[in-house]
1. Computed FRET efficiency, Cβ-Cβ of Ala141 and His56, R0 35 Å: what is it to the nearest 0.05?
2. Put a dot 7 Å past each Cα toward the Cβ at Thr155 and Ile2; how far apart are the dots in nm?
3. With both bridge residues required to lie in the chain, what share of the DSSP beta bridges run antiparallel, to the nearest 5%?
4. Using a cut-off of under 11 Å, list every residue of the range 157-171 whose amide N is near the label point 7 Å from the Cα of Ser110 along the Cα-to-beta-carbon line.
5. So, with +1 on the Cβ of K and R and -1 on the Cβ of D and E, and no other charges, what is the size of the charge dipole of the chain about its Cα centre, to the nearest 20 debye?
6. Counting helices only, and only those DSSP H runs with n ≥ 4, report the 222 nm mean residue ellipticity of the chain as the sum of -39,500 (n - 2.57) divided by its residues, in deg cm²/dmol to the nearest 500.
7. Can you tell me the dipole magnitude for the range 85-199 around its Cα centre, using point charges on the Cβ only (Lys, Arg +1; Asp, Glu -1), in Debye to the nearest 20?
8. Note down the relative contact order for the range 74-167 as a percent, whole number, built from C-alpha pairs under 8 angstrom at least six residues apart.
Amino acid sequence: MISWDERYSAAEYFYGTEPNEFLRGHCLEIRRGGDVLCLAEGEGRNAVFLARQGFHPLAVDQSPVGLGKAAQLASARGVHIDTVVADLAAYRIEVGRWDGVVSIWCHLPSALRAAVHRQVVAGLKIGGVFLLEAYTPAQLAYGTGGPKDADLLPTLAGLREELVGLEFVHAAELERVIHEGPGHAGPSAVVQVVARRPT
Ligand SMILES: C[S@@+](CC[C@H](N)C(=O)[O-])C[C@H]1O[C@@H](n2cnc3c(N)ncnc32)[C@H](O)[C@@H]1O
């Protein structure tokens, strides 16, 4: 199977350079100018967008090639992002550190996903916001992108359990049409969460 580094080795950006639409629509739920941790950030389109909105993003991903392109994109757009190459299985989210945590198509094995989400809850400041969009198991029937392994695909019910301690502001499983480069193209089954650490 092709690795993320290999996938990101092409000159073009695999998911494009425009941000994910769900993130664009909900990022202002996060305190303006705040520190935002972007999980599995890949080639940086979402972190660069957040930096252009005045946030301070830290992009974490296992792919040095992806994060190298993320830094290039930030430079080309005249903004700064911090990057950390790390496997989320080993990365530790600092407790009480983040105004926002963003998870866009961060498809992890279910046990790791649950462990990361426990850290997300603890890692948010009081009032901090978690934004997530991911494919659900229903996406397996669509064939328009995303992992082929159901264990990597969360449901809203599962996310509610994994994110105990947060208040859900927006929570939906829905079909929407996605155009994010060749990897994500067409009608898709997704789950979306906007959740806040309560005061
Ligand atoms: C579908 S891409 C999404 C990239 C980005 N969030 C976006 O929306 O453009 C999934 C990303 O997850 C990263 N990833 C997968 N498993 C990971 C892990 N265990 N630790 C860190 N990153 C991981 C991959 O390297 C890849 O960049």
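Throughout, read-outs are computed from the coordinates displayed, never taken from laboratory work. None of the values given here were measured: they were computed from a predicted structure. Virtual Cβ from ideal backbone geometry, glycine too; neighbours counted across all protein chains shown.
1. About 0.35, to the nearest 0.05.
2. 3.2
3. If we restrict to bridges inside the chain, about 50 percent are antiparallel.
4. Label zone hits: 158-159.
5. Computed about the Cα centre, the dipole is about 520 debye.
6. Estimated from H runs of four or more residues: -7500 deg cm²/dmol.
7. Its charge dipole is roughly 300 debye.
8. 29
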